[in-house]
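One structure is given below, encoded as structure tokens.
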Amino acid sequence: MGTTSHLGSGWLTPALSYVVACAGAATGLRCTLRGLDRTGAARRNWLLTAAAAIGCGVWTMHFVAMFGFAVDGTELRYSVPLTVLGLLVAVAVTGLGVFAVGYGRHRGLALLTGGLVTGLGIASMHYVGMAALRMHGGLRYDPGTVALSVLIAVGAATGGLWAAVTIRSVAAATAASLVMGLAVSCMHYTGMAAVHAYLEPVRTGPDGVGPDGAGLDGAGPMEFVFPLAVGIGSFLFITAAFVALSPTTRDRAVRREAGELTIEEFPAAPARPTPDQHHRAA
């Protein structure tokens, strides 16, 4: 058996991954709330943004935390296709859950359905991400602990969606984001507690020494995962700034009462007549 460690970089990776999870949750919850206040294409676009924010936040949290994961006696690398698949799964299933809440007619049933789908998606993303891991050996999982991690994911998703459709004040939304970030982090580390690594012999050269990554495919964390995580983190930051600057329904109502127009309410400029239209008018 290989000895595993989840704090290879100390408490930096758990703390940073928690911050990322909270940022994704906060942005996604506010986008969901904005979407529920709109109709038509505006609602759809806000909900799509919410799904991207929550899904990207969960994915980034997972891989930031994985920077602290190590197995004695082997290098760790990641399959690029499976890593990207995990990101797509996170965004897609989060979208299904958010849209279930955004368009569901029965609020309670929509929350249960959305929470179940989103929670299972978050758990799937985690284990797809773990399947992307490449090492001189493999991983085994404790089924009971895996089941517990899935239950935590479903509970976190359901609670987050409930907060998105219920909480209106900024202070309460911030508190909900902190709780949801903690729940997502707990799901990750519960899933990691189910992991048991085993090592296989590594072929060495004539001098008895071989490279740690010999025979391993995939990319190293700093070669692929880190740049992608930084890019997604930047996306979350930009999205959060956009949400903060975008007027709420209440702000729009206040501006209307004051006689002001928001950008989308400005009348379109009249089209300039063509020479043919000038000739007909004459």
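The values are calculated or read from the model by the stated rules, or taken from the named source; none is laboratory data. These numbers were taken from a predicted model, which means no experiment stands behind them. Quick reminder, even Gly has a Cβ in these numbers, built from the backbone with ideal geometry, and neighbours come from all protein chains shown. These area figures cover heavy atoms from the full protein model, side chains too; ligands, DNA and RNA do not enter into them. Shrake-Rupley method; radii C 1.70, N 1.55, O 1.52, S 1.80 Å.
The table below lists the values:
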quantity	calculated
Count of residues meeting criterion [at pLDDT below 85, under 19 Å from residue 141 (Cβ atoms) and either in contact with a helix residue (DSSP H, G or I) (Cβ under 8 Å, 6 or more places away or on another chain) or in a loop (DSSP other than H, G, I, E, B) (or both)] in segment 179-220	1
Segment 58-84 - residue that is open to solvent by 30 Å² or more (accessible area, probe 1.4 Å) and in a helix (DSSP H, G or I) and, of those, farthest from residue 16 (Cα to Cα)	81
Boolean, residue 87 is over 13 Å from the mean Cα position of the chain (by Cα) and assigned to a helix (DSSP H, G or I)	no
Qualifying residue in segment 69-76 (condition: farther than 25 Å from residue 137 by Cβ and touching a residue at least 60 places away in the same chain (Cβ under 8 Å))	no
Qualifying residue in segment 94-101 (condition: open to solvent by 10 Å² or more (accessible area, probe 1.4 Å), more than 27 Å from residue 234 (Cα to Cα) and outside any loop (DSSP other than H, G, I, E, B))	yes
Any pair with Cβ under 6 angstrom, 6 or more apart, that starts in segment 82-97 at a residue that is without any contact (Cβ under 8 Å) to a residue 40 or more places away in the chain and closer than 14 Å to residue 28 by Cβ and ends at one that is in a helix (DSSP H, G or I) and among the aromatic types (Phe, Trp, Tyr)	90/59
Residue count for segment 103-160, restricted to those that are of a type in the set (Lys, Arg) and either within 14 Å of residue 54 (Cα to Cα) or assigned to a helix (DSSP H, G or I) (or both)	1
Restricting segment 1-57 to residues that are closer than 17 Å to residue 192 by Cα and within 14 Å of the chain's Cα centre (by Cα), the residue that is surrounded by the most Cβ atoms within 10 Å (Cβ to Cβ)	21
